[in-house]
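Below is one structure, written out as structure tokens; the observations come after it.
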């Protein structure tokens with residue numbers, strides 16, 4: 001056996017070590033997901049008003065934003081005003097109330113006004129897992145064909161919106 | 001005062017582990033028997049002080065000492081006593097302490113058995129274990145001590161243990177998992193000691209085997225428990241998610257499975273030596289890597305603990321020293337290892353080589369899938385995530401192939417097998433299993449994938465029993481006496497292989513013949529689903545020790561006959577202000593009925609999720625069989641007698 005072959009595991013490991021080192025502490029907000037270019041996964045969720053069990057067919061037929069939010073999430077509070085603004089401009093937003101308490105969520109929307117066309121409850125976070133959500137808030141842009149085209153992690157504001165609103169077409 | 005004793009005990013343990021890591025090695029190089037002799041007492045001293053600090057932490061939990069930050073973050077005065085105990089490993093610091101405690105346990109066990117090893121090898125093994133302990137003890141003391149106090153403002157009550165972890169499965173799951181993870185450190189230490197001393201004969205494999213089988217058995221149990229816990233506690237009815245945390249425990253298992261087999265070859269035939277050593281290093285490295293991935297926050301996961309980059313740096317440094325150091329040693333020393341026997345291409349070693357290749361490929365598949373997002377990003381290609389589809393499509397065919405070969409290996413003889421004999425048995429079994437599986441799939445109207453998988457399952461069972469029957473029917477003694485003469489090792493293997501098949505069948509049927517639905521139900525309403533009648537009797541209010549709950553009652557009947565009453569709960573934990581779903585479950589040999597409460601709808605209606613899971617228990621039954629198989633072969637008689645030779 002040639003001698004250098006025995007050092008091969010070490011070399012591979014060093015490469016791996018470099019990858020792991022570079023990754024430590026890196027935490028960019030922009031996170032494309034494996035779902036980009038794919039349709040919104042199947043779901044059956046209950047509306048926040050708790051009157052209906054809905055699935056895909058209830059989603060808007062136009063392009064829209066799919067926003068994961070929760071009352072326990074301070075950043076969601078931060079972005080809420082901007083979402084209201086977007087809604088006033090006529091951008092359709094579907095809200096997913098993520099791992100949250102129903103009463104609190106209803107109260108929150110009645111106080112802060114509701115930017116959502118439709119709010120569905122994902123109490124166990126199962127839909128969140130299907131969508132690859134790692135926290136709240138997260139916003140997906142879905143096009144007219146129901147295909148996910150963009151994923152954004154963190155609070156939505158004017159700077160971000162100007163950059164990504166082109167995806168809504 | 002008492003928590004400080006725990007902290008002090010940890011410092012003492014660190015000191016003794018430092019001595020253990022250094023003194024016996026010096027003794028080895030200077031050929032000084034006195035220094036070598038210190039390894040044993042140093043191991044016991046280190047272990048004793050780790051145990052003391054663990055007991056102190058346990059005491060702090062039992063007495064609700066919320067001045068200790070870790071206790072206040074993970075416990076609550078209303079928490080039931082057994083959860084107070086399991087809360088010790090409910091967070092990062094405590095689970096690290098458990099890790100080290102178990103490492104000490106394994107080290108002490110080796111120290112107790114040290115007389116079976118050559119005089120200069122045993123202390124080196126203990127010393128290597130000391131180096132690992134040193135790394136983890138210093139990690140704990142410098143970045144994550146569980147004894148940090150909240151002074152002077154002591155909280156009046158704790159934040160409570162994460163409700164997800166308040167469960168019987170979580171009391172035993174982490175200790176079992178760690179027993180397996182950490183147990184591989186023994187195989188690792190043996191491998192490093194072999195490289196250092198150059199003492200790598202077949203008795204090396206014989207010493208390593210029982211330890212490896214035992215750790216493998218624990219890890220199998222740990223993973224099985226974890227899967228079972230996720231199934232009933234997360235409320236989705238899923239049993240495996242290809243989550244980074246799960247992969248972290250699955251990779252050492254796959255590599256460990258390869259190690260168990262290649263050790264057998266090395267022991268019996270004296271070949272594959274340097275490969276086996278590499279595999280031992282690889283297996284433990286994956287355990288360490290798993291710890292790193294879970295603790296450093298490099299990967300996000302459904303059930304990761306709090307992430308902290310400083311800790312990440314420290315573990316990474318630890319990884320580089322331990323793994324990099326051992327691979328460097330391997331590079332320099334493994335060239336001196338020579339196989340002593342010839343390798344037969346038609347013998348059992350060839351099948352086991354195939355087993356090793358496939359298992360290594362499987363391990364790398366999971367490793368790649370887990371790390372791919374990281375590599376992708378470092379290369380500047382953006383961020384992606386790899387989900388279950390990748391693992392399912394890549395993993396399943398290779399695993400199926402592995403099970404096909406698994407059945408053939410035991411049939412063949414060491415070194416050389418007559419191809420005609422093997423071919424005849426295999427052909428017969430193949431035909432029979434394809435026909436049988438076809439009949440079963442046809443009757444139950446399952447698809448062609450099920451046909452294929454069931455064929456593999458039948459094939460493996462047939463050949464496993466054929467081999468057993470050949471062994472017991474040869475000779476003149478009669479079947480029962482001969483069956484009793486077969487070594488435990490053999491029955492261990494048989495049980496583990498059959499367990500693999502049982503798990504395979506479970507996985508197949510749960511994915512092809514299960515039903516699920518989300519429905520709206522009001523009290524008094526009934527719904528027909530998958531042949532069962534679910535009647536929603538109503539909701540009652542229940543108060544637990546640290547939660548309040550809505551408890552639903554759903555009676556299930558089949559064709560008018562009462563089957564069971566399911567009571568799914570929706571719990572609100574007041575201290576941590578979290579809502580948890582407890583599924584209502586009726587476990588059965590061929591099917592599980594699984595109901596979980598969703599949200600309260602208008603009026604008194606609820607959304608209810610109903611699952612009928614076919615054969616889901618088989619997945620874990622197979623896991624338990626594999627575990628028993630591992631235990632049985634670890635307890636084989638020839639390991640308990642003294643090793644041959646003049647080392648005593």
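The values are calculated or read from the model by the stated rules, or taken from the named source; none is laboratory data. This is a predicted model, so every value here is computed, not measured. Cβ coordinates were reconstructed from backbone atoms using ideal geometry, including for glycine residues, and neighbour counts include every protein chain displayed.
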*asked:* Consider segment A:2-19. How many of its residues are at pLDDT below 75 and within 7 Å of another protein chain (Cβ to nearest Cβ)?
replied: 1
_Name the residue that is farthest from residue B:581 (Cα to Cα), counting only residues in segment A:105-133 that are at the interface with chain B (Cβ under 10 Å from one of its Cβ atoms) and out of contact with any strand residue (DSSP E or B) (no Cβ under 7 Å at 6 or more places or on another chain)._
A:132
_Test result for residue B:513, over 29 Å from residue B:579 (Cα atoms), in contact with a strand residue (DSSP E or B) (Cβ under 6 Å, 6 or more places away or on another chain) and surrounded by 17 or more Cβ atoms within 10 Å (Cβ to Cβ)_ = yes
*In segment A:93-119, what count of residues is obtained for those that are over 20 Å from residue A:82 (Cα atoms) and under 16 Å from the mean Cα position of the chain (by Cα)?*
2
*asked:* Suppose the filter is closer than 30 Å to residue B:210 by Cβ, in contact with a helix residue (DSSP H, G or I) (Cβ under 7 Å, 6 or more places away or on another chain) and loosely packed, with under 14 Cβ neighbours inside 10 Å; does residue B:463 pass it?
replied: no
*Which residues, taken from segment B:595-608, are at the interface with another protein chain (Cβ under 9 Å from one of its Cβ atoms) and either under 11 Å from residue B:570 (Cβ atoms) or touching a residue at least 24 places away in the same chain (Cβ under 8 Å) (or both)?*
B:596, B:598, B:599, B:600, B:601, B:605, B:607
*If you check B:492, B:506, B:499, which single one turns out to be under 18 Å from residue B:594 (Cβ atoms), under 36 Å from the mean Cα position of the chain (by Cα), assigned by TED's automatic domain parsing to the domain that holds residue B:253 and surrounded by 21 or more Cβ atoms within 10 Å (Cβ to Cβ)?*
B:506
*Filter segment B:39-58 down to residues that are surrounded by fewer than 20 Cβ atoms within 10 Å (Cβ to Cβ) and in contact with a helix residue (DSSP H, G or I) (Cβ under 7 Å, 6 or more places away or on another chain) and give me whichever is nearest to residue B:120 (Cα to Cα).*
B:44
*Could you identify the single residue in B:431, B:411, B:400, B:436 that is exposed (fewer than 13 other Cβ atoms within 10 Å of the Cβ), at pLDDT 80 or above and away from chain A (no Cβ under 14 Å)?*
B:431
*asked:* Being within 9 Å of chain B (Cβ to nearest Cβ) and at pLDDT 75 or above narrows it down to one residue among A:61, A:22, A:38, A:52; which is it?
replied: A:52
*Does residue B:149 satisfy being under 24 Å from residue B:490 (Cα atoms), surrounded by fewer than 20 Cβ atoms within 10 Å (Cβ to Cβ) and modelled with pLDDT of 85 or more?*
no
*Given (1) more than 28 Å from the chain's Cα centre (by Cα); (2) buried (at least 24 other Cβ atoms within 10 Å of the Cβ); (3) within 30 Å of residue B:155 (Cβ to Cβ), number of the condition residue B:69 does not satisfy*: (2)
_Quick check on this structure: which one of B:430, B:437 is outside any loop (DSSP other than H, G, I, E, B) and closer than 28 Å to residue B:240 by Cα?_
B:437
_Residues (within 14 Å of another protein chain (Cβ to nearest Cβ) and within 15 Å of residue B:530 (Cα to Cα)) located in segment B:552-594_ = B:594
_Hits in segment A:115-153 (condition: over 18 Å from residue B:599 (Cβ atoms), at pLDDT 80 or above and outside any strand (DSSP E or B))_ = A:115, A:117, A:131, A:137, A:143, A:144, A:145, A:146
*So which residues in segment A:89-104 are more than 14 Å from chain B (Cβ to nearest Cβ) and buried (at least 17 other Cβ atoms within 10 Å of the Cβ)?*
A:91, A:92, A:93, A:94, A:95
_Candidates B:478, B:531, filtered to the one that is at pLDDT below 90 and over 25 Å from residue B:568 (Cα atoms)_ = B:478
*How many residues are crowded, with 21+ Cβ neighbours inside 10 Å, closer than 15 Å to residue A:11 by Cβ and either more than 7 Å from every other protein chain (Cβ to nearest Cβ) or more than 25 Å from the chain's Cα centre (by Cα) (or both) when one looks only at segment B:313-331?*
2
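Inspect segment A:55-75 for any residue being over 25 Å from residue B:237 (Cβ atoms), touching a residue at least 12 places away in the same chain (Cβ under 8 Å), in a strand (DSSP E or B) and touching a helix residue (DSSP H, G or I) at 6+ places or on another chain (Cβ under 6 Å) and give the result as yes or no.
Within segment A:55-75, one or more residues are over 25 Å from residue B:237 (Cβ atoms), touching a residue at least 12 places away in the same chain (Cβ under 8 Å), in a strand (DSSP E or B) and touching a helix residue (DSSP H, G or I) at 6+ places or on another chain (Cβ under 6 Å).
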*May I ask you to list the residues in segment A:122-133 that are in contact (Cβ under 8 Å) with a residue 24 or more places away in the chain and either farther than 16 Å from residue A:56 by Cβ or under 12 Å from the mean Cα position of the chain (by Cα) (or both)?*
A:123, A:124, A:125, A:127, A:128, A:130, A:131, A:132, A:133
_Qualifying strands (runs of 3 or more DSSP E) (wholly inside segment B:534-648; at least 3 residues being surrounded by fewer than 15 Cβ atoms within 10 Å (Cβ to Cβ) and modelled with pLDDT of 85 or more)_ = B:547-558, B:561-566
